[in-house]
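In what follows, a structure is listed as structure tokens, so that the remarks can point back to it.
Nothing in this text is a laboratory measurement; each read-out follows from the coordinates by a stated rule. Since this is a predicted model, take the numbers as computed values, not measurements. We place every Cβ from the backbone using ideal geometry, glycine too, and count neighbours over all the protein chains shown.
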Amino acid sequence: MSLNFYRDEVEEFMVKAGFSPEVEEDIFNMLDEELALLKSSCGNEDKMQHQVYDMLFLLFEIAAKHNMDLDSEWIKGREKKKKYLIK
């Protein structure tokens, strides 16, 4: 599935659940908290996996708020990284 699919899924969930859009500063603070939890869960694959999910959800929330085209950005990033591949 595309990244935009997940972005739209998060947006739909937020609307259906009746969550008001969070202020980006709040989302950034939550990302900081999730990153700290991710770091502290090192060695526990289940906890790490859950923290990565939480961080992705928050990132998709930001992308939805700004209607970002994540698929397009991923393709551009992939192209830029080609210079690092050993030939």
- [ ] Can you confirm whether region 67-77 contains a residue that is without any contact (Cβ under 8 Å) to a residue 40 or more places away in the chain, of a type in the set (S, T, N, Q), out of contact with any strand residue (DSSP E or B) (no Cβ under 9 Å at 6 or more places or on another chain) and outside any helix (DSSP H, G or I)?
- [x] yes
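Looking only at residues that are polar (S, T, N, Q) and part of a helix (DSSP H, G or I) in region 1-48, which one is farthest from Asp71 (Cα to Cα)?
Of region 1-48, the ones polar (S, T, N, Q) are 2, 4, 20, 29, 40-41, 44.
Those still in the list that are part of a helix (DSSP H, G or I) too: 4, 29, 40.
Working: Asn4: 6, Asn29: 25, Ser40: 31 Å.
Of everything passing the filter in region 1-48, Ser40 is farthest from Asp71 (Cα to Cα).
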- [ ] Identify all residues within region 1-32 that are touching a residue at least 60 places away in the same chain (Cβ under 8 Å), touching an Asp or Glu at 6+ places or on another chain (Cβ under 7 Å) and either of a type in the set (Lys, Arg) or surrounded by 16 or more Cβ atoms within 10 Å (Cβ to Cβ) (or both); write none if there are none.
- [x] Leu3, Asn4
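Identify the residue in region 36-67 that is over 16 Å from Asp8 (Cβ atoms), within 12 Å of the chain's Cα centre (by Cα) and not aromatic (Phe, Trp, Tyr) and, among all such residues, is surrounded by the fewest Cβ atoms within 10 Å (Cβ to Cβ). Write out each step before concluding.
Step one: of region 36-67, the residues over 16 Å from Asp8 (Cβ atoms) are 36-55.
Adding the requirement that they be within 12 Å of the chain's Cα centre (by Cα) leaves 51-55.
After this cut, where a residue has to be not aromatic (Phe, Trp, Tyr) as well, the list is 51-52, 54-55.
On the way: Gln51: 21, Val52: 13, Asp54: 17, Met55: 17.
Filtering first and then ranking leaves Val52.
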